[in-house]
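Have a look at the structure below, then the notes.
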Amino acid sequence: MAVRETLREKIAGEITLSSEPGQTIRKWRKLFSISQKELSEGLEVSPSVISDYEAGRRKSPGIATIKRVVQALIDIEIARGGENLRRFEAEEDSGAIISIGEFPTAWSVSWFMKLTESECLNTDKPDLDRQIYGFTVIDSIKAVTQFSSNDYNKVYGWSTERALLFSGVHYGRSPMIAVRAHPMKPAVVVYIQPEKVDDLAVRLAELENIILLRTELPAHELAKRLEDYR
């Protein structure tokens, strides 16, 4: 019950404080894999009402409406078995996760690249308009030496459509091999101040349809910049 209440407060707070509340509603609906039709049925309104809110065609919803939206999302999630609620539960980790967060609205990879001062390493032409919902900054040395299978799951937060940023990278092979071995894949992988990125790392990223970036900003600065957008 405590987890549900914490989650309600988190979602309601994000929607209320967002400069684009409709987009924030859409983000959470997508994270729960709920269609506009399902949400509209839970709220007993037409799907066009949900569409109008998300597209900004209706004025920002009031507190009462936000509470109903949040409750409907939670109710639908519980009816499906509550897998996302279990993912939300806080657990102790190995300390390898330096920073983790979800964005109030989806951001494009191109926006993310500007924020993190990154360059793309893919040899093909990746979709830089691809949307990402969050980030995780990881100490790669601790991750390789201390991560449990549960820790790997926690890296992905609420969505795999996120950026994983690895510090302590030498050639980039180990982090990419670890990513490839796990069933969940991120949208973006960022190497923080790598010595040299091996061609194998780039090849593995492209095989998994992952956008591979590098940045010379230090991990603490990246974490600070990204946390400002949580």
Would you mind listing the helices (runs of 4 or more DSSP H) fully within region 33-115 where at least 2 residues are under 30 Å from P126 (Cβ atoms)?
47-55, 83-88
What number of residues within region 116-132 are in contact with a helix residue (DSSP H, G or I) (Cβ under 7 Å, 6 or more places away or on another chain), outside any strand (DSSP E or B) and crowded, with 19+ Cβ neighbours inside 10 Å?
2
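If I ask for residues that are without any contact (Cβ under 8 Å) to a residue 24 or more places away in the chain and over 22 Å from the mean Cα position of the chain (by Cα), which ones from region 168-209 would you list? Full working, then the answer.
Taking region 168-209 as the starting set, the residues that turn out to be without any contact (Cβ under 8 Å) to a residue 24 or more places away in the chain are 181, 183, 199, 203.
Matches in region 168-209: D199, R203.
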Of L213, L217, the only residue that is part of a strand (DSSP E or B) and either within 19 Å of S110 (Cα to Cα) or touching a residue at least 40 places away in the same chain (Cβ under 8 Å) (or both) is L213
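Any chance region 44-56 includes a residue that's on the phi > 0 side of the Ramachandran plot and within 19 Å of the chain's Cα centre (by Cα)?
Taking region 44-56 first, the residues on the phi > 0 side of the Ramachandran plot are 44, 56.
Imposing the further condition that a residue be within 19 Å of the chain's Cα centre (by Cα) reduces the set to none.
There is no residue in region 44-56 that is on the phi > 0 side of the Ramachandran plot and within 19 Å of the chain's Cα centre (by Cα).
Could you say which residue among E195, E208 is in contact with a His (Cβ under 6 Å, 6 or more places away or on another chain) and at pLDDT below 95? First the steps, then the outcome.
Details: E208 fails: in contact with a His (Cβ under 6 Å, 6 or more places away or on another chain).
Only one candidate passes the filter, namely E195.
The values are calculated or read from the model by the stated rules, or taken from the named source; none is laboratory data. Bear in mind that the values here come from a model prediction, so they are computed numbers and not experimental data. For neighbour counting, all protein chains shown are included, and Cβ atoms are generated from backbone atoms with ideal geometry for every residue, glycine included.
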